[in-house]
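Heads up, the thing below is written out as structure tokens.
The values are calculated or read from the model by the stated rules, or taken from the named source; none is laboratory data. Everything numeric here is computed off the predicted structure, so don't read it as measured data. For neighbour counting, all protein chains shown are included, and Cβ atoms are generated from backbone atoms with ideal geometry for every residue, glycine included. Accessible surface areas use protein heavy atoms only, side chains included; no ligands, DNA or RNA. Shrake-Rupley method; radii C 1.70, N 1.55, O 1.52, S 1.80 Å.
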Amino acid sequence: DTGVSQNPRHKITKRGQNVTFRCDPISEHNRLYWYRQTLGQGPEFLTYFQNEAQLEKSRLLSDRFSAERPKGSFSTLEIQRTEQGDSAMYLCASSLRAGNHEQYFGPGTRLTVT
Amino acid sequence: AQSVTQPDIHITVSEGASLELRCNYSYGATPYLFWYVQSPGQGLQLLLKYFSGDTLVQGIKGFEAEFKRSQSSFNLRKPSVHWSDAAEYFCAVGEGYSTLTFGKGTMLLVSP
């Protein structure tokens, strides 16, 4: 068990560019979550998957954001036409089963939009 | 909608002294409650959780927390703080089968 991994760990991009982040959950975890954390705030929920199905999306997830989990294993989060307000830490978490809120977090991807 | 309040943004504690971090929540049903710790450059690590049963829960690294329904609180405690405990601590409440709602965090500073 290697824990939740995220790549890249850091990303600097220019405003207007597209970026994609990857999350590899703990194997056998069927739930995967994305959160966003800005400076001085706690993580805020963005979206989650059960297997390959995206079951819930936060209102924070604008049309420029899209997440996928094509085979129920790793997930990608894409941000199109990045804005400076997208600068944040993007955290991925996974959990084993429904009803168990014990989520295990990855180290995060820090995005800086210049 | 549920919410979590951590009233203290920063707390400084002397090494060896006791610690209590406050957390108040707003949630209609019986909550699932958590404390996570985040060190610089690290992800969130789960310290302890409350689902049901005994209201005093033990966690890792010598931490414990007490659920008090009448006060809507879930305060984190440690009898003797070590310098390695310096980090940011987040309280969270679980809703339904999916999301966690986090507080804004309390930064713990440990003085020698």
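Screening the candidates A:Leu55, A:Leu39, A:Leu60 for the property of being within 12 Å of chain B (Cβ to nearest Cβ), more than 23 Å from B:Phe90 (Cβ to Cβ) and either assigned to a loop (DSSP other than H, G, I, E, B) or open to solvent by 40 Å² or more (accessible area, probe 1.4 Å) (or both) yields one hit, A:Leu55.
The residues in region A:65-85 that are open to solvent by less than 30 Å² (accessible area, probe 1.4 Å) and touching a strand residue (DSSP E or B) at 6+ places or on another chain (Cβ under 6 Å) can be counted, and the count is 7. Report whether or not A:Ala88 is among the small types (Gly, Ala, Ser), buried (at least 18 other Cβ atoms within 10 Å of the Cβ), closer than 18 Å to B:Thr101 by Cβ and at the interface with chain B (Cβ under 10 Å from one of its Cβ atoms). So A:Ala88 does not fit the description; no. Taking the numbered list (1) within 14 Å of chain A (Cβ to nearest Cβ); (2) in contact with a strand residue (DSSP E or B) (Cβ under 7 Å, 6 or more places away or on another chain); (3) more than 21 Å from A:Glu102 (Cβ to Cβ); (4) not β-branched (Val, Ile, Thr) in turn, B:Gly105 passes all entries but (3).
Hey, could you check region B:45-64 for residues that are open to solvent by less than 20 Å² (accessible area, probe 1.4 Å) and of a type outside the set (A, V, I, L, M) and say which is farthest from the other protein chains (Cβ to nearest Cβ)? Per the criteria, the residue is B:Phe63.
Among the residues making up region A:42-52, those that are assigned to a loop (DSSP other than H, G, I, E, B) and within 11 Å of another protein chain (Cβ to nearest Cβ) are A:Gly42, A:Pro43.
Of the strands (runs of 3 or more DSSP E) that lie entirely inside region B:3-44, those containing 1 or more residues that are surrounded by fewer than 16 Cβ atoms within 10 Å (Cβ to Cβ) span B:3-5, B:10-14, B:19-21, B:24-26.
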